[in-house]
1. With a 10 Å Cβ neighbour count serving as the proxy for reagent exposure, in which order, fewest first, do 5, 192 appear?
2. If the only charges are +1 at each Lys and Arg Cβ and -1 at each Asp and Glu Cβ, what is the size of the charge dipole of the chain around the Cα centre, to the nearest 20 debye?
3. Roughly how compact is the chain, stated as its Cα Rg over 2.2 N^0.38 Å to two decimals?
4. Can you list the lysines whose alpha carbon is less than 26 Å from that of residue 196, not counting same-chain residues fewer than 8 positions off?
5. Give me the number: length gained by fully extending residue 134 to residue 257, i.e. 0.36 nm times residue separation minus the C-alpha to C-alpha distance, one decimal in nm.
6. Once fully extended, how much extra length lies between residue 282 and residue 242, figured as 0.36 nm per residue of separation less the alpha-carbon to alpha-carbon distance?
7. Using only the Cα atoms of segment 21-143, what semi-axes does the equivalent ellipsoid have when each is the square root of 5 times a gyration tensor eigenvalue? Give whole Å, largest first.
8. Rounded to the nearest 500, what is the chain's calculated 222 nm mean residue ellipticity when only DSSP H runs of at least 4 contribute -39500 (n - 2.57) each, over all residues?
Amino acid sequence: MIETWKQFLTQQGAHIEQDTVVDFGNPSAERETATRGTVLADLSQLGVLAFVGDDAATFLQNQLTNDVRGLHPDTAQLNGFCSPKGRLLGNFLMWRDGPDFCLQLSGDIKDAVLKRLNMFILRSKVKSRDASDETVRLVVAGPQAESAVQTATGLMPDDAMKAAHNAQAMVVRLAADKFVLSLAPEIAPDVWNALKASARPVGAPTWDWLRLNHGIPMIVAATVDEFVPQMVNFDLINSVSFQKGCYPGQEIVARTHYLGKLKRRMYLTHLEGDRAPAPGDNLYTPDMGDQTSGMVVNAAPAPAGGFDVLAVAQIESVNNGQPLHWKTADGPVLTIKPLPYSLS
C-alpha cells in the first residue's frame, strides 16, 4: 500500500491490517449499506502486474485463458493463468493503461504469479513489473455508483467490461452498478472525497461479499492449483476462450469443455454461525463419505449474519440434494443460494 495513501485512509477512519482496509469503524452497518446503498472500497489488498513491450500482447495471449487479442484500450477482461495440469494459478481483472497490460489479482499470489510468468518471457520483447504501488485502485458499487463515478472522474464506460481513461484515471465498468477505478496517487484523495458524497466507505470484506454474490471468484494462496477454470465457472463469466490458441493447460481445459467431463461447479452458499470459513477448507457430502466433495473458494461475512461462501462442489451431489458440510463430514451445513447467472 502506498504510504501516503495509507495515511490518508487512516485519517478517514480506516482500520488497516496488513495493507487491507478491514472496516471504517462499523462493519455491520457497512455490510447493511451494501445491500441497498452505494459503497466505496479501497483495493490495496490486491496486486497489479504490468507487462509492456512489442511482444506483450502475443506473450500474454500464449499464457492466459482468455483471448488477449480482444483486449483494447476501451475494454477490460476477466482472465486466468493455469498450470500445465489445467489448474488455475491465479485470475485477473485486466485492462490497458497506455502501453501496459495490467493484471489485477490477489495480493498474496502476485509475487509467485509474476515469477512464473517471467519464466516464459525468454527472448520475447516483453518487460514485466509489480505495479501495485503505482496507482490507487478503488471500487464503487450500488445504485448511485454511476453518477458518483462520473462526477468524481468525468469518465463513464457505456457498457459492462468497458473502460474509459484520461491522463490520471481509468474506470472499468464491471456491471451496471459496479466500477473499478485506477488513479494516479496525487488525485486519489480528491476523487475519494468526491465519491464519499454519494457512497459509504467500507472495508474489503464488504466488497468481497458483493463480489462473491456476483459469482466472481478470486484465486488466493490457499486455492492455487486446485481448480480447472470451469470448476469456478470461468466459462460462464467470460473468463476463458475456447477459440484461441494454446496456453498452459489448454488441452485439459478444452477436453473438459468439449467432452462434458466436468464433475464440479462453483455454487453460492450460506453458512450460519460465527465461525468464519476460509479459502481451501474442505467440504463433504453424505454420498461421498469421508472423501472430500468440494472446497471453499471465497467467503465473506453476510449482512444478516453468518457467511456467504463461494464453494466448489460435486454437481451430482448438489443436484441430488445432498447436504454440503463444512470442514468435516458432520460439520455445519452450507445452504445453496441462487447465483446471478445460470449454471446450465
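Please treat every number below as a calculation from the coordinates, not as lab data. Keep in mind the model is a prediction, meaning the values are calculated, not measured. Quick reminder, even Gly has a Cβ in these numbers, built from the backbone with ideal geometry, and neighbours come from all protein chains shown.
1. Values: 5 19, 192 22.
Sorted ascending by nearby Cβ count, the order is 5, 192.
2. Numbers: 30 positive and 37 negative charges, 171 e Å.
Computed charge dipole of the chain: roughly 820 debye.
3. On the way: Rg = 19.7 Å, N = 344, 2.2 N^0.38 = 20.2 Å.
Expressed relative to 2.2 N^0.38 Å, the Cα Rg reads 0.97.
4. Once the sequence-local lysines are set aside, what remains near residue 196 is 6, 162, 178.
5. Between residue 134 and residue 257, full extension yields an extra 40.5 nm.
6. Working: separation 40, 0.36 × 40 = 14.40 nm, distance 2.98 nm.
Length gained, residue 282 through residue 242: 11.4 nm.
7. Working: eigenvalues 185, 46, 38 Å².
So the three semi-axes of segment 21-143 are 30, 15, 14 Å.
8. Details: 9 runs with 77 residues, N = 344.
So the calculated ellipticity at 222 nm is -6000 deg cm²/dmol.
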